[in-house]
Structures are given as C-alpha cells and as structure tokens.
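Participant: Have a look at the structure that comes next, please.
The values are calculated or read from the model by the stated rules, or taken from the named source; none is laboratory data. Not measured: the values here are computed from a predicted model. When we count neighbours, we look across all protein chains shown, and the Cβ atoms used for this are built from the backbone with ideal geometry, even at glycine.
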Amino acid sequence: MTALSSKKRDLYYVPLPVCLINRQGKVLSASDKINEVFLYDELIGSDIFTLTGVKASELFEAAGSEQYPVIRRNNKSFRLVPTMVSFGGLKDSGGQTGEAEQEEELLSVLFNDVTTFEELKEKYNDERICIAKVQVDNYDELTADMSAQERQSLTNAIDMIIRKWAEKANASINELDDHVYVINFEQYFLEKLIDIKFSILDEVRGIETSADFPASLSIGVGAGGKNPAQTEEFADAALDLALGRGGDQAVVKRNRKIEYFGGTLQTVEKRNKGKSRIVGHALKQLIDQSKKIFIMGHSNPDMDCFGAALGVMRLCAIRDVEPYIVIDNYKDALQIIFKQAKDSDEYRFINSERAKALADKDSLLIVLDTHRPSMVECPELLDICERIVVIDHHRRVEEFIENPVLAYMESYASSTCELVTEILQYMTSKKALIKLEAEALLAGITIDTNGFTVKAGVRTFEAAAWLRRQGADPTEVSRFFQEDKESFMIRARALAEAHFYEGGIVVSLCSQAHPDEQVICAQVADQLLTVRGVKASFVAGINGEGRTVISARSLGEINVQTVMEKFNGGGHLTTAAAQVDISPGEAIRKVLEIMEVTQ
C-alpha cells in the first residue's frame, strides 16, 4: 500500500467534513462527516463541480488566498476552505518512488459550517436602511391648466399610491412638498421592488389627467452606504440621474453599482423658458469674467455639436471675447460646413495639443453635446480648466463631468443646437448671427430631429423659426447633408438586406466600412422605422477607425437608450447609439439577445 493510499484511507476518520480532489476535480477520498454536507452515498469518483457548483480550477486558485466560496447544501451554508496537499518523495511498499503520485497536485477541501454566520449576515443586510427620494415629474406643467379641485384630486391620487407603496414596506414617509417625498425602508423590500421592476411607476402613469401627458414619478434609491448620510447621498445622486434621464423611472445606486428601471415615456417639453434666460444670464457673466475661452464638443463632432459650437462662439463674440474651438478630427458629413467656416476667418479652430498649451486654470471651458468625460475631444482640458460649463440634451448617465460651474442639461430638447438657440435669443439683438451660424444651428436641429419628425416639440419649431429670421436658408442647409455616391450605395444595400423579426424589431448591417458610417447607420435606422409594423430598428457598421458603430431608433414603445447603455453608449428613449470593439454581426446578435428575439 502506498503512502498516498494510506492518507486516503486515514481521511475517512477525520472528524470534519472534508474531501480530497485532484486537478481534474475528481473526488479521491472523503471523511465520514461529509454526509453532513451531501445526503447521497458513493461520492468517491464524483466531480467536485457537479457536487458544489464550484470549478476545481477556482478551488486551486483560492488555496491560500482566503477568498473562499460559500455554498448552500442540506439547508446549511458551508465555506469551502481548500489547502494544497504535498506528497513529495513518497515511496511505495516496495521501496520505489511513485512518480505519477509524486507529480500529481492534490487539494483537500474542508466544508466549514457557517450557517449561523450567513444567517446573521443576511439578516443584517435585509435590515439595512434604504432611502428613496420620490418626485412627481413636471408637476407645474402637469397641473398648469387644472382647476384647484382637479389639482387636489390628482395630488391625492398620487399621494395615496405612494403611501400604500410605503405601507407595504413598513416604511417611514415624509412629504417635503406636494410633489416630493422621502421614504426610509429596509433593504429586503428593495429586492422585492427590483423583482417587480418598480411597478409603482405604472400605477402612477395609469392615473387619468386632463393634461396632454400622463403623470409620472422619478425615484432615486440609495442603498448600501457606510452610514445614513452616505446612503442619502446615493439617493440624491440616483434621483439626479432619474431626472436627468427624463423622469418616469427609478434609479437604484449601491456604491458603484447603478440599476435603471422604467423610462417608457417621452420626456415632457417644458413650457416655461425661464431657465434659458437664467442660464443665458449666468453664461454671460462667466464669459465676461474670462480672458481665455475654449469651446469643445465630443470627439468626431457631428452637425449638432458643430452647429452649437458656432452658436456659442457668437455668444462670446457679442461679449467682445474671441474663443477657441477645439477640434481634432471631424466626420465627412461636416466637410462642407467646416471648410466654409474655416475659410471665413471668423473662427479660431485649434487642435487638442494647442489647446493644452494655451489653457490654464482660469480659462473657461464650454463643453457641448456631451456630459461624459471619456467622450470629449480633449479630456485633459477638463483637468486644466477649473471653470467648466456643460450644455447637453442627452439623458444623463452615471459618468458625468465633475463640479461644473454651470450645467444646462435638458433631455426634452431635440438637440444642443436648440438649447443654444434659445440662449442666443435672450443674449443677442434682433439680428446678431451671421448666415452660416444660423444655418449651422438649423442644420443641427434638422439632423437630430430627422427632419422635424422625432423629438420636435413646440420650442423646437420656435427655435427654427427664429433661426430662419436670422437668415438661415433651408436650401443651403439641405446642401450640408449631400452625400457621395458610395455612401448612397452602402445605405441602399443595408436597407435591402434588413431582417425583420416578430415584435416589430428590424436589424441590418452596413457591410462596407466608411469614415462616415455613424451617419449612414443612423439614416438607415431612421428609414427602417418608416416600414409599417416596425417598432425599433438597429443598424451596425464599421467606421473609418475600424470600430463598430450601432445606431438605434424606436417609435417610443421600446426604450433604445437602455439597450445602447449595455454597450456603454446612450442617447434618448427613441434615438440612441454606441461604439464597440466587436464585429457588427456580433453586435447585432447581442442586440437581439437583449431584446429576447429568436434568431
């Protein structure tokens, strides 16, 4: 009998549940106490992964690391504690070295009963306090045309739903205003809310109102903070995200983990333009206090980003300050208007390297059409400039430029050009823009609304009308959108080869790489929405940098923003996009998996 065989036999008498496995995960021996873990016999020869759900490779890696897995078996919790076993230099009964046994690496796995500890841990987690900040969306717009009786009836209906919701959780509830609540509840109820995907959003949306849009809630939930103060900070940050993404949704923030629920309504357009006036006045003061101003959008700017940059440049020029516009590369779709702007000698375009050399901490940096640090043209400028202004129309995501002195983010707006145009109206005289700037702003609005068919509200048309009075020529604007024959053929093939699925989902691939692929994919996605029965379209292709771009569009029933966020992209309920490092075909397959479409 070999020494190893003796060890296997002796293991049977160990007064603890333990087993011996090899690199392949085969159970070589086990103690008699192993039946406290597993109720069936004849474990010898079984696979450890089949028994525990933990791979042998993971157990070998965990040996000595003190990061041990926990499993649930026989109504108990066990922590698996692996230890390397060495049999170097062992000899068999004939005095010969057993080389095969000597080289084989074995692992003893102790099943440590931690049932009481795990139950206490679960109880502790279940009883931790969560804080929810609940706000009725667009309360002023919702009740603007209501009589006092109708307003009170609506308030009571919403209040009753929220209080019943809190009562189910044995929660405390404080009403800060007619439309703002703070609710404290234990974490076990949060898991129930997540399971039912915050159905309270649907209940409130189902209330009948006399307004043109339904009532809705924004909910920010903070959980897992080190103390109540930090948990409340999480709740505030979550509510800011919910509001910044257009409302009608719940956001749960647990440390760095953020989850989104709801978001099925279009963002309601604000009737009051007071905020534009306030932002315009604040921006004017910041410009007056600055000797150097840099205007920067996202990398590879599109028409909305570029048009907004020219508009903000005019704001600065009106205050007798000549700003720099930071731009490294631009898409083919900007070729005509960019050349026209550069040839006019009205604007100072510089690249990122030049901007970093000129900027200092006292410079004013105005970021347009994005609020994500990773997407700006020159991220280093965010660290150099201490005063930053953000103007954007995208729904807010977790990644956000830190501590801007002024942030004007309105997800209801069709485009950043629309927001800049409204600011211009309150800071300029009747005829302040030159023709190119008016046309650039109108072009930005036109492209982001797909010709005033998507996300075009009353204020969008008012902005377009003002730009028309400023000299914008729609014929010239359409010239900016002319494309080459190659782009036209790529788009035609993508339309012809589109695949339609049940549920109103359509996908397509742009088979040929193109520098302006993002625009082509967006155009294809827009056109596919015109097909009867289509609810959402997804189109992928490869841009000039070799990356896969995805454009997503919907008619509002499907939230394509949440789909694109899974690719680290973003956008709006009906318009979203992303860039990824996988192939277009793989990207489309992943989209179909997310949409739960049978391929």
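Participant: How many residues are outside any helix (DSSP H, G or I), closer than 21 Å to Ile196 by Cβ and of a type outside the set (D, E, K, R) when one looks only at the stretch 237-254?
Facilitator: 5
Participant: Then there's this: How about the stretch 418-460: which of its residues are within 20 Å of Ala282 (Cα to Cα) and part of a helix (DSSP H, G or I)?
Facilitator: Glu418, Leu419, Val420, Thr421, Glu422, Ile423, Leu424, Gln425, Tyr426, Met427
Participant: Report, by residue number, each residue of the stretch 331-346 that is in a helix (DSSP H, G or I) and either at pLDDT below 85 or out of contact with any Leu (no Cβ under 9 Å at 6 or more places or on another chain) (or both).
Facilitator: Asp332, Ala333, Leu334, Gln335, Ile336, Phe338, Lys339, Lys342, Asp343
Participant: Right, something else. For the stretch 1-94, please list each of the strands (runs of 3 or more DSSP E) lying entirely inside it that holds at least 3 residues being buried (at least 16 other Cβ atoms within 10 Å of the Cβ) and modelled with pLDDT of 85 or more.
Facilitator: Answer list for the stretch 1-94: 18-22, 27-30, 76-85.
Participant: Answer with yes or no whether Arg354 is under 25 Å from Ala576 (Cβ atoms) and either surrounded by 13 or more Cβ atoms within 10 Å (Cβ to Cβ) or in contact with a Lys or Arg (Cβ under 8 Å, 6 or more places away or on another chain) (or both).
Facilitator: So Arg354 does not fit the description; no.
Participant: Where residues in the stretch 220-249 are among the small types (Gly, Ala, Ser) and modelled with pLDDT of 90 or more, which of them is nearest to Glu565 (Cα to Cα)?
Facilitator: Gly220
Participant: When you look at Leu382, is it assigned to a helix (DSSP H, G or I), surrounded by 18 or more Cβ atoms within 10 Å (Cβ to Cβ) and not acidic (Asp, Glu), yes or no?
Facilitator: Taking the combined requirement at face value, the residue does not satisfy it.
Participant: For residues in the stretch 277-311 being farther than 22 Å from Ile350 by Cα and in contact with a helix residue (DSSP H, G or I) (Cβ under 8 Å, 6 or more places away or on another chain), which is surrounded by the fewest Cβ atoms within 10 Å (Cβ to Cβ)?
Facilitator: His281
Participant: Among Thr530, Thr575, which is the only one that is hydroxyl-bearing (Ser, Thr, Tyr), out of contact with any Gly (no Cβ under 9 Å at 6 or more places or on another chain) and free of Cβ contacts under 8 Å to residues at least 24 places away in the same chain?
Facilitator: Thr530
Participant: Looking at the stretch 462-501 only, could you name the residues that are under 30 Å from the mean Cα position of the chain (by Cα), assigned to a helix (DSSP H, G or I) and surrounded by fewer than 18 Cβ atoms within 10 Å (Cβ to Cβ)?
Facilitator: Leu495
Participant: Inspect the stretch 542-563 for any residue being among the hydrophobic types (A, V, I, L, M, F, W, C), crowded, with 23+ Cβ neighbours inside 10 Å, assigned to a helix (DSSP H, G or I) and under 17 Å from the mean Cα position of the chain (by Cα) and give the result as yes or no.
Facilitator: Yes, the stretch 542-563 contains a residue that is among the hydrophobic types (A, V, I, L, M, F, W, C), crowded, with 23+ Cβ neighbours inside 10 Å, assigned to a helix (DSSP H, G or I) and under 17 Å from the mean Cα position of the chain (by Cα).
Participant: Given the structure, is Asp328 in a helix (DSSP H, G or I), touching an Asp or Glu at 6+ places or on another chain (Cβ under 7 Å) and in the same structural domain as Asp448 (by TED's automatic domain parsing)?
Facilitator: Judged against the criteria, Asp328 is not a match.
Participant: Hey, any hits in the stretch 374-391 for a residue that's touching a residue at least 40 places away in the same chain (Cβ under 8 Å) and among the basic types (Lys, Arg)?
Facilitator: Within the stretch 374-391, one or more residues are touching a residue at least 40 places away in the same chain (Cβ under 8 Å) and among the basic types (Lys, Arg).
Participant: Residues to consider are Gly556, Gly504, Gly541, Gly533; find the one that is farther than 22 Å from Lys331 by Cβ, touching a Leu at 6+ places or on another chain (Cβ under 7 Å) and among the small types (Gly, Ala, Ser).
Facilitator: Unique residue meeting the criteria: Gly556.
Participant: Something else: What is the residue count in the stretch 386-433 for residues that are among the hydroxyl-bearing types (Ser, Thr, Tyr) and in contact with a Phe, Trp or Tyr (Cβ under 8 Å, 6 or more places away or on another chain)?
Facilitator: Number satisfying all stated conditions: 1.
Participant: Restricting attention to the stretch 515-528, and to residues there that are out of contact with any His (no Cβ under 7 Å at 6 or more places or on another chain) and under 24 Å from Ala341 (Cα atoms), which single residue is surrounded by the fewest Cβ atoms within 10 Å (Cβ to Cβ)?
Facilitator: Taking the candidates together, the pick is Pro515.
Participant: Scan the stretch 428-443 for residues that are farther than 11 Å from Ala308 by Cβ and either surrounded by fewer than 20 Cβ atoms within 10 Å (Cβ to Cβ) or touching a Ser or Thr at 6+ places or on another chain (Cβ under 8 Å) (or both) and jot them down.
Facilitator: Thr428, Ser429, Lys430, Lys431, Ala432, Ile434, Lys435, Leu436
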